[in-house]
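Participant: Below you'll find the structure I mean.
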Amino acid sequence: MNFSPRRHPQVLTALEIVRDRPASYRSTIRCIAMFTVTTCNEYGARFAIEHYAFDRETKRSDIIGGIARSIPVDATLIAKAQPSQMSEWRMAVHAGMPFSPSDLQLIRRQRNDLAIMPLRCREAALDETAAFHAIQRAGPGSSTRAQARRAADEAQVLWATFLSTCCRENDRTSLGSAYQAWRAIENARPLPF
């Protein structure tokens, strides 16, 4: 099968969702981060981060609704594809519980204008991208709190991996350079406290 690199979308949002357990009907969303890249012209881009934490009582529907409202119109949304949920589906059916749709399916129900791309990413590919851009990731087996702290970084790693593996070379060069400059400015900002 031939792979043809694609042009980077004009507006792309990378979504990271942190749960207290692996995605299932029993897990709770504890944090979300969205990294949005808007290409301004052939050689420029704007970058924005939204990062929110939630307590266990926050309803999933409220969180998903907030995500859907925050994503720009006609954007492309990328997020990590969930591993096969067949065993969870079987457990839910056996227990007589309904199997709930995925987060991306719920976002799709609210936003038909979005191009949604669930990405299957190996951890090794994400680690390589993070190392290349000097982005810290929460390590394997990290606590929910540690994962939540690094959610914005994880969304950036997801986007950078998409850029390096799926996009044309000129997009990789121009957007990669713009991103490195933006990160240098962000890292130089004083802490707000």
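Participant: What single numbered condition from (1) under 16 Å from the mean Cα position of the chain (by Cα); (2) open to solvent by 70 Å² or more (accessible area, probe 1.4 Å) fails to hold for Ala125?
Facilitator: Of everything listed in (1) under 16 Å from the mean Cα position of the chain (by Cα); (2) open to solvent by 70 Å² or more (accessible area, probe 1.4 Å), Ala125 misses just condition (2).
Participant: Let me ask you something else. Being out of contact with any Gly (no Cβ under 6 Å at 6 or more places or on another chain) and modelled with pLDDT of 90 or more is the requirement here; does Ala23 meet it?
Facilitator: No; evaluated as a whole, the condition is false for this residue.
Participant: Restricting to region 154-186, count the residues that are open to solvent by 20 Å² or more (accessible area, probe 1.4 Å) and without any contact (Cβ under 8 Å) to a residue 24 or more places away in the chain.
Facilitator: Number of matching residues: 8.
Participant: Continuing with the same structure: Please go through region 62-95 and give me each residue that is modelled with pLDDT of 65 or more, open to solvent by less than 80 Å² (accessible area, probe 1.4 Å) and not in a loop (DSSP other than H, G, I, E, B), ordered by number.
Facilitator: If the condition is that a residue be modelled with pLDDT of 65 or more, open to solvent by less than 80 Å² (accessible area, probe 1.4 Å) and not in a loop (DSSP other than H, G, I, E, B), then Ile63, Ile64, Gly65, Gly66, Ile67, Ala68, Ser70, Thr76, Leu77, Ile78, Ala79, Lys80 are the ones that fit.
Participant: I've got another one for you. Filter region 140-153 for residues that are open to solvent by 80 Å² or more (accessible area, probe 1.4 Å) and part of a helix (DSSP H, G or I) and give the result.
Facilitator: Arg145, Arg149
Participant: Being out of contact with any Cys (no Cβ under 6 Å at 6 or more places or on another chain) and part of a loop (DSSP other than H, G, I, E, B), is that true of even one residue in region 175-185?
Facilitator: No, because not a single residue in region 175-185 is out of contact with any Cys (no Cβ under 6 Å at 6 or more places or on another chain) and part of a loop (DSSP other than H, G, I, E, B).
The values are calculated or read from the model by the stated rules, or taken from the named source; none is laboratory data. Model, not experiment: these values are computed from the prediction. Cβ coordinates were reconstructed from backbone atoms using ideal geometry, including for glycine residues, and neighbour counts include every protein chain displayed. Areas reflect the complete protein model, heavy atoms only, side chains present, ligands, DNA and RNA absent. Shrake-Rupley method; radii C 1.70, N 1.55, O 1.52, S 1.80 Å.
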